[in-house]
Amino acid sequence: MLTREFCAENMEFAPAAVAAGAARIELCDNLAVGGTTPSYGVIRAAVAHARETGTDVMCMVRPRGGSFEHTPAEAAMMRDDLIMAKSLGVTGVVFGCLRDGRLDTELTSELIRLAHEDTPEAPGRVAVTFHMAFDTLAPEDQLPAIDWLAEQGVERILTHGGAAGTPIADNLDRLRAYIERAAGRIIILPGGGITWENAEDVAAALGVAEVHGTKIVKVS
């Protein structure tokens, strides 16, 4: 079975997407800027619906649109938002952190720790997806980034395999290179330009079991 992750802006279409076959929701706000952290109430409602339907909720942790380079104040917001989402029972969190155009290993490590470790400040463990900030890395930095993220125990990398807006068909070779480098250590989750109409074909071409998108299922 192909796992379809539906990128949902708040809860407006999430129930319909689940009814249409989405097994996982990536929950965010402000899709016009690529997604930001949803509110407490939205997260709580999404988790409640997920528990009723046996689906998963991956919560975006991103304080604003724009670049993926975060100030210390924004990093503090991300820590707080991650702990809040974790406390509400999400399946996982989604974030991406860069510094000077490269992977921000310091902040990323800290957020991974908060997600994965069972601590008094953040009880339990949730999964981590490193989002499409990955696609803004220089090509020569992407394969080493896959290695590093895999070593940290990150569960997935969400990637279009190329610049935003490029056809997914043009990026299949690059996505195959990511999958080969991942070698089963971390899931490469293709997204961007994948719809309910082409999801099966893209998954078959790449040999993946999970796909992501805002139109990954047919929602009327």
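All of the numbers you see were taken from the coordinates with simple rules; none came from a lab. Every value quoted in this text rests on a predicted model; they were computed, and no experiment measured them. FYI the Cβ positions are ideal-geometry reconstructions off the backbone, even for glycines, and counts take in every protein chain you see.
A few comments on the model shown:
- Net length gained if the chain between SER67 and ARG102 were fully extended (0.36 nm per residue, minus Cα distance): 11.4 nm
- Compared with the alpha-carbon gap, the fully stretched path from ALA169 to SER87 is longer by 25.6 nm at 0.36 nm per residue.
- Extension gain, ALA183 back to GLU200 (0.36 nm per residue minus Cα-Cα distance, nm): 4.0 nm
- Values of log10 I(q)/I(0), in the order q = 0.15, 0.17 Å⁻¹, for the range 8-84 under a Debye, Cα-only, solvent-free model: -0.51, -0.64
- Rounded to the nearest 500, the 222 nm mean residue ellipticity of the chain from helices alone is -11000 deg cm²/dmol, with -39,500 (n - 2.57) taken per DSSP H run of at least 4 residues.
- Around THR36: net Lys/Arg minus Asp/Glu count, Cβ-Cβ under 13 Å: -3
- Model label sites at SER109 and ALA76, defined 7 Å from Cα along the beta-carbon direction, differ in position by 2.2 nm.
- Entry for the chain at q = 0.16 Å⁻¹: log10 I(q)/I(0) = -1.09, Debye formula applied to identical alpha-carbon scatterers, no solvent contribution.
- Relative packing of peptides 108-114, 25-31 - highest average C-beta neighbours within 10 Å first: 25-31, 108-114
- Antiparallel DSSP beta bridges within the chain, as percent of all bridges there, nearest 5: 10 percent
- Kirkwood hydrodynamic radius of the range 39-100, Cα pairs, Å: 12.4 Å
- Amide H to amide H, with H built 1.01 Å from N, ASP56 comes under 5 Å of ARG24, ILE25, counting only residues 5 or more places away or on other chains.
- Dipole magnitude for the chain: about 400 debye, using +1 per Lys or Arg Cβ and -1 per Asp or Glu Cβ, origin at the Cα centre.
- Annotation for the range 1-89: trypsin sites (Lys or Arg not before Pro) lying in DSSP loop with at most 14 further Cβ atoms inside 10 Å of their Cβ are ARG64.
- For the range 89-104, Karplus couplings with θ = phi - 60° (6.51, -1.76, 1.60), whole Hz, Gly/Pro x: x, 5, 6, x, 10, 10, 7, x, 10, 10, 9, 6, x, 10, 4, 8
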